[in-house]
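What follows is a short report on a single structure.
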Amino acid sequence: MGLTKKMAQICYDLNFETLPDEVRDRVKYLLLDYLGVAIRGAETESSVPVHRFLSKRQDASRGVPVIATSLRVDAPYAALALGTAAHSLELDDVVNAASLHPAVSVMSAVLAAGYMVGCSGRELMEGIVAGYEVTVKLGIALDPAAHYARGFHPTATCGTLGAAVAAAKILKLDPVGITNAMGIAGSQAAGSMEFLADGAFTKRFHAGWSAHSGLIAALLAGEGFTGPGSIIEGKFGFLHAYSPVSDPGKVLAGWGSPYEVMKTSIKPHACCRYNQGAIDCILQIVSEHGLSPNDIDRVEVSILKAGFALVAEPREVKLNPKSVVDAQFSMPFGGAVAILKGNAFLEQYTMKNISSAAVRDLMIRIHCSENPGIEKEFPQKWPAEVAIITKEGKKYRVRLDHPKGDPENPLTWDEIIEKFKNLATAVFPGDKCSAIVESVRGLENVSDVKLLMEQLQR
């Protein structure tokens, strides 16, 4: 049996009853985080044109609810909207070893599919776990740095296959059906990193399209449409086409031991993952030593090689962001607002701050470099190191192996709920937000996911 078919069989066999309690709890934890980000993300400028597009295709009587709107559309279009919104804030979850964001593709697809067929909360959780495993294992097997170097966005590419498997679980496809879903998804997996050139919205769209394409792949497979049974390992398959150094042996290595949901990180800062640890370090130094912006002469930030081109170069570009997307991929901007505002959440990533003279003055004092000393354990760890030199000549240095939000340095349930409410209360009243939290925490007892989805509409 080939690799693709083995994956399909394993995913077919995955059952809620055999999932450890900590995995069930983690799925709910990640789902609540996803929902908060998706709800608030529906308000962003990149979600508005998507909603206009969908408004011309809505079916108020039969469609799937689009989170944080009054729209109802066909399930694949709902997945498109959910994924785009959930990836629009740079606050979505991430798996370090694969350098990708699984929730935005997987959860968007399963929620749309789950509403369509009326699945239970337990079935939804099965789909999520399976989708995360496929998405993340493929990302690791590709080698994230090599995949990025070819110009691909792994959230988009790997997420398409993960979404297909997740949706196939919800649709109750057999191993042959899951294999076909992956095969169909493999011809749709795409996502160009060229958005970095001018801060285009396509980065956000990638997640929506992967959820959309994955669900379509599963639906087609359910109707008997076939896809190549060797889409992962084949001569022209996913691994060989998308990376020059892929390792098929990593796809099934350590499957479920532990499950990838247990290795997924949460973002406390609204920016690229490669900036998160450095911002933690900056905030720690500034807080511990009571530094003001006027005290600081220079900030030296060590950036992992894999992320250097994303957040640190060309320097002149990173010092002159033209959009919020640009700012989210600028280490100098993230460091500057963290120092000035004491935070790097949504409220700091604004056009007002981008044009602020105070922010720009501080940005030019932030210098990024590669550091071989933090590379040794990457990608298992994403170390960060920052030194702040004051105008008086004092130097304060902090190294952090695990940014806040990593499984080794996690946000508590209370912190996740706080993050959810900070995001969602901008859209929904507090009592509705509390009801959503209650539904998610009792997900295994939800008989029909439609009940949860109805709570998420305006």
- prompt: Can you give the helix-only mean residue ellipticity at 222 nm for the chain, where every DSSP H stretch with n ≥ 4 adds -39500 (n - 2.57) and the sum goes over all residues, rounded to the nearest 500 deg cm²/dmol?
  reply: -16000 deg cm²/dmol
- prompt: If you wrap the chain's Cα atoms in a convex hull and average its projection over all directions, what's the area in nm²?
  reply: 20.1 nm²
message: I need the phi-derived Karplus couplings for region 447-455: 6.51 cos²θ - 1.76 cosθ + 1.60, θ = phi - 60°, integer Hz, Gly and Pro marked x.
response: 7, 9, 4, 4, 4, 5, 4, 5, 5
query: Relative contact order for the chain: what is it in percent, counting Cα pairs under 8 Å that are at least 6 residues apart?
result: 20 percent
- prompt: Can you give me the pair-distance distribution of region 158-307, C-alpha pairs, 10 Å bins, whole percents?
  reply: 10, 26, 31, 18, 10, 5, 1
Sequence ranges 8-14, 341-347, 103-109, ranked by mean other-Cβ count within 10 angstrom, highest first: 103-109, 8-14, 341-347
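At a Förster distance of 45 Å, what's the computed FRET efficiency of Arg57 paired with Ser434, Cβ-Cβ distance as r, to 0.05?
That pair, Arg57 with Ser434, gives E of 0.85.
Hey, what D do you get for region 86-191 in µm²/s if you plug the Kirkwood alpha-carbon radius into Stokes-Einstein at 20 °C and 1.002 mPa s? The partial results should precede the final answer.
On the way: Rh = 13.6 Å.
My calculation gives 157 µm²/s for D.
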When region 11-134 is reduced to its Cα atoms, the Kirkwood hydrodynamic radius in Å: 14.9 Å
- prompt: Taking a ≥ b ≥ c as the square roots of the eigenvalues of the Cα gyration tensor of region 328-397, is the shape rounded (a/c under 1.5), prolate (a/b larger than b/c) or oblate?
  reply: oblate
task: List the DSSP H helices in the chain whose Cα atoms stretch 20 Å or more along the helix axis and whose mean Kyte-Doolittle hydropathy is at least -1.0.
output: 21-41, 102-117, 121-142, 154-170, 202-222, 273-289
message: As an exercise, identify the GluC sites (Glu not before Pro) in region 224-314 lying in DSSP coil whose Cβ has no more than 15 other Cβ atoms within 10 Å.
response: none
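When a/c reaches 1.5 or more, the comparison of a/b and b/c decides; with that in mind, is region 273-400 rounded, prolate or oblate per its Cα gyration tensor?
oblate
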message: Rounded, prolate or oblate for region 380-458? Axes are the square roots of the Cα gyration tensor eigenvalues, ordered a ≥ b ≥ c, and the cut-off for rounded is a/c under 1.5.
response: prolate
query: Given R₀ = 41 Å, FRET efficiency for Ala357-Thr412 by Cβ-Cβ distance, to 0.05?
result: 0.60
field: Inter-label distance for Glu454 and Glu17, nm, one decimal - labels placed 7 Å from Cα along Cα-to-Cβ
entry: 3.0 nm
field: Paramagnetic reach from Ser287 in region 351-390 [backbone N under 18 Å; point 7 Å along Cα→Cβ]
entry: 384-388
statement: The extension gain from Asp174 to Glu377, computed as 0.36 nm times the residue separation minus the Cα-Cα distance, is 69.2 nm
- request: Excluding residues fewer than 8 places away in the same chain, name every one of the aspartates and glutamates whose C-alpha is closer than 16 Å to that of Lys5.
  value: Asp13, Glu133, Asp174, Glu233
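Readers should treat all values here as calculations from the given coordinates under stated rules, not as data from a laboratory. From a predicted model like this one, the values you see are computed outputs, not experimental measurements. Reconstructed Cβ throughout: ideal geometry from the backbone, glycine too, with neighbour counts over all protein chains shown.
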